[in-house]
Amino acid sequence: MSLEIVYRAFRDDDNVSEITAMLHLAYGSLLRMGFRYTATGQDDATTLRRLRKGSPLMAEHEGKVVGTITYYPANPDSICACYRSSPSFGQFGVHPQFQRQGIGRALLAQMEARACADSAATLALDTAEGAAHLCRWYGSLGYEFVEYVTWGTVNYRSVILAKKLAPAPAERR
């Protein structure tokens, strides 16, 4: 039996406390590995600020948010050279009970489609350099190393990975 997952935009009536709690759980294994990602301990105000900074997408099961990802447009003021010219995604997590069921891939596919619709040549992300399992997973999906960044807000050096995107179907010849 497959899960019924609804993918939708973030709504003002979404329970931010539940999203924050879900993110803490989703990032829990990374925290146990010693990586203090922002999402491992952020408060509700930080969750909401990060959601509103971009275009968030929710994965919902039986009325509960079980996954989220946020699309961020290119940021010309970023300390990360790649982020100055490429959209990126972040605050990406799936509740542990729902991991390894394709929800993360579906959320990510929608971010890639969004970037293509925005005529972006690449889509980028950052993760902990030492989170080898995540680097391998993103690599298996076509993301490649671009650069290192030290944000100063986390306890690790980040790797920036980016994927070259195919043009949107209307642009293909």
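The values are calculated or read from the model by the stated rules, or taken from the named source; none is laboratory data. All values reported here derive from a predicted model rather than from experimental measurement. We place every Cβ from the backbone using ideal geometry, glycine too, and count neighbours over all the protein chains shown.
For (1) over 28 Å from ARG8 (Cβ atoms); (2) modelled with pLDDT under 95; (3) crowded, with 19+ Cβ neighbours inside 10 Å, each residue gets a yes or a no:
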{"site": "HIS95", "(1), (2), (3)": "no, no, yes"}
{"site": "ALA115", "(1), (2), (3)": "no, no, yes"}
{"site": "THR127", "(1), (2), (3)": "no, no, yes"}
{"site": "GLY142", "(1), (2), (3)": "no, no, no"}
{"site": "GLU171", "(1), (2), (3)": "no, yes, no"}
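TYR156 passes every criterion in (1) assigned to a loop (DSSP other than H, G, I, E, B); (2) touching a Pro at 6+ places or on another chain (Cβ under 7 Å) apart from (2).
Scan the range 134-145 and report the pairs whose first residue is outside any helix (DSSP H, G or I) and whose second residue is modelled with pLDDT of 95 or more and β-branched (Val, Ile, Thr), with Cβ atoms within less than 9 Å and a gap of 6+ or a chain change. From residues that are outside any helix (DSSP H, G or I), the pairs are PHE145/VAL159; PHE145/ILE160.
Residue-wise test of (1) of a type in the set (Ser, Thr, Tyr); (2) out of contact with any Phe, Trp or Tyr (no Cβ under 8 Å at 6 or more places or on another chain).
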| residue | (1), (2) |
| --- | --- |
| SER17 | yes, yes |
| LYS64 | no, yes |
| TYR71 | yes, no |
| PHE89 | no, no |
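THR47 fulfils the conditions (1) closer than 24 Å to LYS164 by Cβ; (2) hydroxyl-bearing (Ser, Thr, Tyr); (3) touching a helix residue (DSSP H, G or I) at 6+ places or on another chain (Cβ under 6 Å) except for a single criterion, (1). When the test is whether a residue is of a type outside the set (Gly, Ala, Ser), more than 24 Å from LEU31 (Cβ to Cβ) and in a helix (DSSP H, G or I), ARG114 passes it. Confirm whether SER86 is of a type in the set (Gly, Ala, Ser) and buried (at least 19 other Cβ atoms within 10 Å of the Cβ). Criteria met by SER86.
Does THR122 count as under 22 Å from PHE35 (Cα atoms) and polar (S, T, N, Q)? Don't jump to the end; show me each part of the working.
Values: under 22 Å from PHE35 (Cα atoms): no; polar (S, T, N, Q): yes.
The answer is no for THR122.
The condition of being touching a residue at least 60 places away in the same chain (Cβ under 8 Å) and of a type in the set (A, V, I, L, M) holds for only one of ILE103, ILE69, that being ILE103.
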